[in-house]
Amino acid sequence: MVREMKISGLTMDPQTNTPIVVLKDPESEVSLPIWIGLLEATAIATELEQVQFSRPMTHDLIRNLMTHLGVKVNKVEVCDLKDNTFYAWIYLTINGKETKIDARPSDALAIALRTDAKIYVDEKVIEKSGRLEPEAKVEIKDEEAKKWTDILENLSAEDFGKYKM
């Protein structure tokens, strides 16, 4: 059984200084934090903020290639959690045939955002991961983690214009 979820935001793990993407079920208070890399967090944040670069970034290139080749992204699914590693599938239609490919959840989410594909999470992943309390706030004690959290939470489209790609 799978549950549709949306990306509710990005934050930083105060212990490891690792970005976290938070998925939330819009019909309930169930949330799922997934630890991801900084580059993937940036790819997700730029798409959420609708930042446009003069040249295609990696996930934009993947979307452009799929569009050019007539491949449709049907959905993405966070399908498993093993040894603290999340797994995902990207479901595609290619020449009328459905298939799925293995992906890191961060890449699957970045592609889902760019292709307007729905995001699903297998119930067993939610059970394995535990749940975030809906109103829980993490107190950030580590100054470096707080700095990165502030940077990610306060990104704006104008910020990205400062840097040439």
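The values are calculated or read from the model by the stated rules, or taken from the named source; none is laboratory data. Note that the structure is predicted; figures quoted are calculated from it, not measured. Because the Cβ atoms are built from the backbone with ideal geometry, glycine has one as well, and the counts that use them run over all protein chains shown.
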Next on the checklist: I'd like to check something: does segment 26-36 contain any residue that is of a type in the set (Asp, Glu) and either more than 15 Å from the chain's Cα centre (by Cα) or within 16 Å of Lys118 (Cβ to Cβ) (or both)?
Outcome noted: yes
Checklist entry - Taking the condition surrounded by fewer than 16 Cβ atoms within 10 Å (Cβ to Cβ) and over 26 Å from Ser129 (Cα atoms), does Thr16 pass? => result no
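Just checking: which of the strands (runs of 3 or more DSSP E) contained wholly in segment 60-165 hold 3 or more residues that are among the charged types (D, E, K, R) and modelled with pLDDT of 95 or more?
The qualifying strands (runs of 3 or more DSSP E) are 72-82, 97-103.
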Next on the checklist: Could you check segment 48-70 and list, in sequence order, the residues that are among the charged types (D, E, K, R) and either in contact (Cβ under 8 Å) with a residue 60 or more places away in the chain or under 29 Å from Gln15 (Cα atoms) (or both)?
Outcome noted: Glu49, Arg55
Next on the checklist: Quick check on segment 98-130: of everything there that is exposed (fewer than 13 other Cβ atoms within 10 Å of the Cβ) and in contact (Cβ under 8 Å) with a residue 12 or more places away in the chain, which residue is farthest from Gln52 (Cα to Cα)?
Outcome noted: Glu123
Next on the checklist: Pairs please, first residue from segment 27-47 and within 16 Å of Ala108 (Cβ to Cβ), second anywhere and surrounded by fewer than 21 Cβ atoms within 10 Å (Cβ to Cβ) and among the small types (Gly, Ala, Ser), Cβ atoms under 7 Å, 6+ apart in sequence or on different chains.
Outcome noted: Leu32/Ser129
